[in-house]
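We did not get these values from a lab; they are worked out from the coordinates using the rules stated. All values reported here derive from a predicted model rather than from experimental measurement. Cβ atoms come from the backbone with ideal geometry, glycine included; neighbour counts cover every protein chain shown.
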């Protein structure tokens, strides 16, 4: 049994311009929207969970790997989406969450993390050992050899776990791997002035060589043949108020170096907020896996804000109690600063603005909080009790207005909400398949 991502890589290398968007989100509305969009086209949907989001201790979502799989499968069933078209990936699997611990402690936790993901049914495994651990020298760059050796150790754990899994599930899809030594941090840059340099062709080749040697040393030659992608920095990034746009001229040497490898593409991280034209250029240049996360919940947050403005207008007329979503979200973020304090800087007024509108979209961490989640459901319930006037949809959600008017979607608040997320996914569909969405 082959893996669909192996076919994607083959197509890319044979001159068929194809890519896939990797949805890094645990938000129910986001995943519902993605599956709804793909359902009619029988497309694959690649959904990834990140190590700090989902792990053996629950992560910030409270979900272990098996819980996340169950969560995604439940949404697929609700949406009538073929679960056979789902690809589940693990993102930044390694010692990231435990980097303050010693190498032994961090790598033991990382090994258990990998085991949990493989046993749960994740098949796209991004092994990330690019971060320093507590006993690494603070004043020296972590060498490719150390990164690769740690990566090979975790790959060995994954392969041994998969071997055991195959005994129970003979039809289990094979594992495919993503590696790298210059891996952008999850969630975007912490500061607007962080310098971003395109990975050099020499560093890229050194990474491949180091990982190939380490995999061979660990007896993982066959596993190395299932390395489908390398994470590089092609010159794209975002922070709370900055977007670094893709410049294919600056990335040209790196892109040329990829041509020497017949079974590997690039995986682009932090592709959020790029134009659809830039995303298309990236896929054309061999950056065939495009990861997006905050931009999806940024679009969701925009829709929720728009729906609350509609709710405000209607509550004055129909005299119902409004949801107070925006104020509830702000209160929770002020009461618990842990998810945004390292990302948002400046005056108190600056931080207040960023809590709502930052590209980093740290407010996504607060959407599952009970008070915030309750206000979202109250908002949707309030708007479900009356027909939303088309004039208000035009005022606050003009793109969705055109789709409602054309009969492409209904005016239900849930559909308006999900369709705003689909706007974002559509840009990636254009980049990956050339599918020009209705805008």
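A Förster radius of 60 Å combined with the Cβ-Cβ distance from residue 168 to residue 256 puts the calculated FRET efficiency at roughly 0.85.
For the listed peptides 175-182, 296-303, 89-96, a ranking on the average number of other beta carbons within 10 Å per residue, highest first, reads 89-96, 175-182, 296-303. Exposure proxy shown here: for 17, 107, the number of other Cβ atoms within 10 Å sets the order, fewest to most, as 17, 107.
Over segment 84-219, Cα pairs under 8 Å with separation of 6+ residues give a relative contact order of 28 percent. Rounded to whole Å, the principal axis extents of the Cα atoms in segment 206-269 read 45, 26, 17, largest first. When only alpha carbons are used to place a centre, segment 275-354 and segment 245-264 end up 33 Å from one another. Of all DSSP bridge pairs formed entirely within segment 4-292, close to 5 percent run antiparallel. Please give the helix 201-217 orientation as an angle from the longest Cα principal axis of the chain, in degrees from 0 to 90, rounded to the nearest 10. Between the helix axis and the principal axis of the chain, the angle is about 60 degrees.
Normalising the average separation of contacting C-alpha pairs (under 8 angstrom, six or more residues apart) by the number of residues puts the relative contact order of segment 298-433 at 32 percent.
Based solely on its DSSP helices, what 222 nm [θ] is calculated for the chain when runs of n ≥ 4 H residues each add -39,500 (n - 2.57) and the sum is averaged over all residues, nearest 500 deg cm²/dmol? List each step's numbers first, then the result.
Numbers: 16 runs with 214 residues, N = 439.
So the calculated ellipticity at 222 nm is -15500 deg cm²/dmol.
For the chain, the longest principal axis of the Cα atoms and the long axis of helix 4-13 meet at an angle of about 70 degrees.
How much length is gained on full extension from residue 405 to residue 39, taking 0.36 nm per residue of separation minus their Cα-Cα distance?
Gain on extension, residue 405 to residue 39, equals 129.5 nm.
Pair-distance distribution P(r) for segment 245-352, from all Cα-Cα distances in 5 Å bins starting at 0: 2, 9, 13, 14, 12, 11, 11, 10, 7, 5, 3, 1, 1, 0 percent.
Once both labels are positioned 7 Å from their Cα atoms along Cα-to-Cβ, the gap between residue 263 and residue 433 label points is 2.7 nm. Annotation: the residues 420, 85, 141, sorted from fewest to most other C-beta atoms within 10 Å of their own C-beta, follow the order 141, 85, 420. If a paramagnetic tag sat 7 Å from the Cα of residue 2 along the Cα-Cβ line, which residues of segment 144-167 would have the backbone N under 20 Å from that point? The answer is none. Extension gain, residue 209 to residue 249: 0.36 nm times the residue separation minus the Cα-Cα distance gives 11.9 nm.
Taking Cα extents along the principal axes in Å as calculated from this structure, the corresponding entry among [x] 72, 49, 45; [y] 77, 64, 48; [z] 62, 49, 47 is [x]. Looking at segment 171-321 alone, DSSP beta bridges between its own residues are antiparallel in about 15 percent of cases.
Please arrange 72, 157, 30 by how many other C-beta atoms lie within 10 Å of their C-beta, fewest to most.
157, 72, 30
At q = 0.23, 0.24, 0.28 Å⁻¹ the log10 of I(q)/I(0) for segment 294-340 amounts to -0.88, -0.92, -1.02, computed by Debye summation with a single uniform scatterer per C-alpha, solvent ignored. The spacing between segment 17-78 and segment 372-424, judged by their C-alpha centroids, is 23 Å.
Rounded to two decimals, the Cα radius of gyration of segment 307-439 over 2.2 N^0.38 Å is 1.19.
Relative to the present Cα-Cα distance, how much length would full extension add between residue 200 and residue 136 at 0.36 nm per residue of separation?
On the way: separation 64, 0.36 × 64 = 23.04 nm, distance 2.42 nm.
So the extension gain works out to 20.6 nm.
Spin-label pair residue 108-residue 11: with each label point 7 Å from Cα along the Cα-Cβ axis, the two points sit 4.5 nm from one another.
With contacts taken as Cα pairs under 8 Å at a separation of at least 6 residues, the chain carries a relative contact order of 17 percent.
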